[in-house]
1. Can you report the number of residues in the stretch 39-62 which are at pLDDT 90 or above, of a type outside the set (Ser, Thr, Tyr), outside any helix (DSSP H, G or I) and within 15 Å of the chain's Cα centre (by Cα)?
2. Can you tell me how many residues in the stretch 73-82 are in contact (Cβ under 8 Å) with a residue 40 or more places away in the chain and touching a Gly at 6+ places or on another chain (Cβ under 7 Å)?
3. Considering only residues that are farther than 20 Å from Tyr122 by Cβ and not charged (D, E, K, R), look in the stretch 38-49 and name the one that is surrounded by the most Cβ atoms within 10 Å (Cβ to Cβ).
4. Can you pull out the residues in the stretch 50-72 that are open to solvent by 70 Å² or more (accessible area, probe 1.4 Å) and out of contact with any Ser or Thr (no Cβ under 9 Å at 6 or more places or on another chain)?
5. Looking at the stretch 13-36, which of its residues are without any contact (Cβ under 8 Å) to a residue 12 or more places away in the chain, under 17 Å from the mean Cα position of the chain (by Cα) and open to solvent by 80 Å² or more (accessible area, probe 1.4 Å)?
6. Scan the stretch 87-102 and tell me whether some residue there is outside any helix (DSSP H, G or I), under 19 Å from Gly30 (Cα atoms) and small (Gly, Ala, Ser).
7. Go through (1) open to solvent by less than 70 Å² (accessible area, probe 1.4 Å); (2) more than 20 Å from Asn21 (Cα to Cα); (3) in contact with a strand residue (DSSP E or B) (Cβ under 6 Å, 6 or more places away or on another chain); (4) at pLDDT below 95 one by one and return the number of the condition Val82 breaks.
8. Among (1) of a type in the set (Phe, Trp, Tyr); (2) open to solvent by 20 Å² or more (accessible area, probe 1.4 Å); (3) modelled with pLDDT of 95 or more; (4) more than 17 Å from Ala67 (Cβ to Cβ), which single condition is Trp87 missing?
Amino acid sequence: MAQVRIAPWDEDDLDLLRQLNSPDTRKHTGGPETDEQVLARHDRYVHFAGTGQGAMFTLVLPDGVRAGSVGYWGRDWHDRPVYELGWAVLPSYRGQGLATVAVRAVIDVLRARQDRRYAHAYPSVDNPASNAVCRKAGFTLLGETDFEYPPGQLMRANDWQLDLTAPPTAS
């Protein structure tokens, strides 16, 4: 299994966010953002943990290189409070299992919070890599759904759910 740890997002992670803003990395999430949008997103990520509603993390390799991002935030889905998870990995680090390890680490954080029963992820139906991460991390596919992302744009997504009260799945 890949070796990666998650670290809270901080002021020094702006360059990583700019790297993750590439057409290839954002092709399933509405395309690249303007620099103004990236700066606003970075500011939200830096201050998000203090809100109690979620947190963003970087994927840190053993040598200290930051290879991607992962995070969670609260939302209402079908009239119940859930956590939504999202992640991105830089192209040169894909295919190594980093996202799966990072998502499992975030699931551990959510299990410890003990304040919501379910976590969801909504990858595009056309994103086989992110759908594979959901499967490997122990999520159950509920089916396809229309999902608004980015705001104002509907996309066809898979609705993956994980019961945070169930025992963790084996690696």
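The values are calculated or read from the model by the stated rules, or taken from the named source; none is laboratory data. Because the structure is predicted, anything quoted here is derived from the model rather than measured. Cβ coordinates were reconstructed from backbone atoms using ideal geometry, including for glycine residues, and neighbour counts include every protein chain displayed. These area figures cover heavy atoms from the full protein model, side chains too; ligands, DNA and RNA do not enter into them. Shrake-Rupley method; radii C 1.70, N 1.55, O 1.52, S 1.80 Å.
1. Residues in the stretch 39-62 being at pLDDT 90 or above, of a type outside the set (Ser, Thr, Tyr), outside any helix (DSSP H, G or I) and within 15 Å of the chain's Cα centre (by Cα): 6 in total.
2. 1
3. His42
4. Within the stretch 50-72, Gly50, Thr51, Gln53, Pro62, Asp63 meet the criteria.
5. Across the stretch 13-36, the qualifying residue is only Lys27.
6. yes
7. (4)
8. (4)
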